[in-house]
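J.: Sharing a structure with you now.
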Amino acid sequence: MKVRIIINPVSGGRNRVEEIAGAVKRLSCAVDGIFEIKVTKTKGGASEISRDAVRRGYEVVFACGGDGTLNEAAGPLVGTATALGIVPIGSGNGLAMALNIPNGVEAAIGLLKDYKIREIDAGVICGRYFFSTAGCGFDAHLSRAYNGGFVSSKMRGLLPYYPAALWEYLWYKAKSSTVKIGNYNEQFFPFLLTAANTGYFGGNALIAPDAVPDDGLVDICIVPQPGFFKAVKLGARLMNGTIDGHEGFRTFRTDEVDIYREGPSMVHADGEPFEWGGVIPIKVLRRQLKVLTP
């Protein structure tokens, strides 16, 4: 077995490289194979390292980081025979939670001793892959604030999300959005407009309780703009898994949707934000990514 391990040294703290290398060394004593460790040096570097692994015939590529790192590493694996392994050491880890990947570094890498291959869907938003969630509402603006924030540049994890969420909420204004699914279309002013391949944003925040990552569909979740006290209740419902009881919550399950807006929009794919102008297309490629699971 040929296995490549990609480490994002920023996720989970810079001391994780040595910890992961030690776990790989111990695993190599129990599992026959070739194990190679690569550390990303630039944003987007995981994609090229993963693409090279496919070209060289590696059977497994482990991505060590959060949902952003997984997104980079998994993209080149879509539609190939190379499987994705997950070591969840990032801020959110939504995909890992949905697939029941063990939290510890040793346990996650140790899946190579006893694992199953699960084929999951790949979502596509504006031509970019996502595997957990994507969106063009408040979650996209919060992703931009977190990724570009001073606090998060010094400290990773969930803590920097809270001041960023409060600040973004105070300034965020919902934009008119027309959701078109086949012959159906409806106009909303959404606070959250999320396409969920799995249920989790990350950090235990559950946006789509019924989402299934290998059914060929995404759950389109819509939450209207809340006042301050309702926003507090919304946060509580996201964390305790009762979002479907929130006032005005709507959900649609589909394999393809277009979102019409005027002017540019902030969009995210697995927490990686980018600006997009015009129609926001979302579709699903069914069971195109192989993942190591328990």
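FYI, it's all coordinate maths here, none of it is from the lab. Everything numeric in this text was worked out from a predicted model, so none of it was measured. With ideal geometry, Cβ positions are generated from the backbone for all residues, glycine too; neighbour counts draw on all protein chains shown.
J.: Using DSSP, restrict attention to beta bridges with both residues in the chain and report what percent are antiparallel, rounded to the nearest 5.
T.: If I count the DSSP bridges inside the chain, around 75 percent turn out antiparallel.
J.: Taking the 0 to 90 degree range and rounding to the nearest ten, how far is the long axis of helix 161-171 tilted relative to the main principal axis of the chain, both from C-alpha atoms?
T.: 30
J.: Among 73-83, 133-143, how do they line up from the highest to the lowest mean number of other beta-carbon atoms within 10 Å?
T.: Most protected by this proxy first, the peptides run 133-143, 73-83.
J.: Let me ask another. How large is Rg/Rh for the range 128-286, to two decimals, with Cα atoms and a Kirkwood Rh? Display every interim value, and only then the final one.
T.: Details: Rg = 14.7 Å, Rh = 15.8 Å.
When Rh is taken as the Kirkwood radius, the ratio is 0.93.
J.: How high is the relative contact order of the range 2-114? Use alpha-carbon pairs under 8 Å, at least six apart in sequence, and give a whole percent.
T.: 30
J.: Using +1 on the beta carbon of Lys and Arg, -1 on that of Asp and Glu, and nothing else charged, what's the dipole of the range 2-114 about the Cα centre, debye to 20?
T.: 280
J.: Over the chain, with a single point scatterer placed on each C-alpha, what log10 of the ratio I(q)/I(0) does the Debye formula yield at q = 0.09, 0.13, 0.14, 0.16 1/Å?
T.: Those come out to -0.42, -0.86, -0.99, -1.26, one per q.
J.: Percent relative contact order of the chain, based on C-alpha pairs within less than 8 angstrom and at least six residues apart? Intermediate values should be presented prior to the final figure.
T.: On the way: 671 pairs, mean separation 65.0, N = 294.
After rounding, I find 22 percent.
J.: Continuing with the same structure: If packing is taken as the mean number of other Cβ atoms within 10 Å per residue, what is the order of 51-57, 217-223, highest first? Before the final figure, lay out the partial values.
T.: Values: 51-57: 14.7, 217-223: 24.1.
Descending packing order for the listed peptides: 217-223, 51-57.
J.: Using the Cα centre as the reference, give the magnitude of the dipole from point charges on the C-beta atoms of the chain (Lys, Arg: +1; Asp, Glu: -1; all else neutral), rounded to the nearest 20 debye.
T.: In total the dipole reaches around 580 debye.
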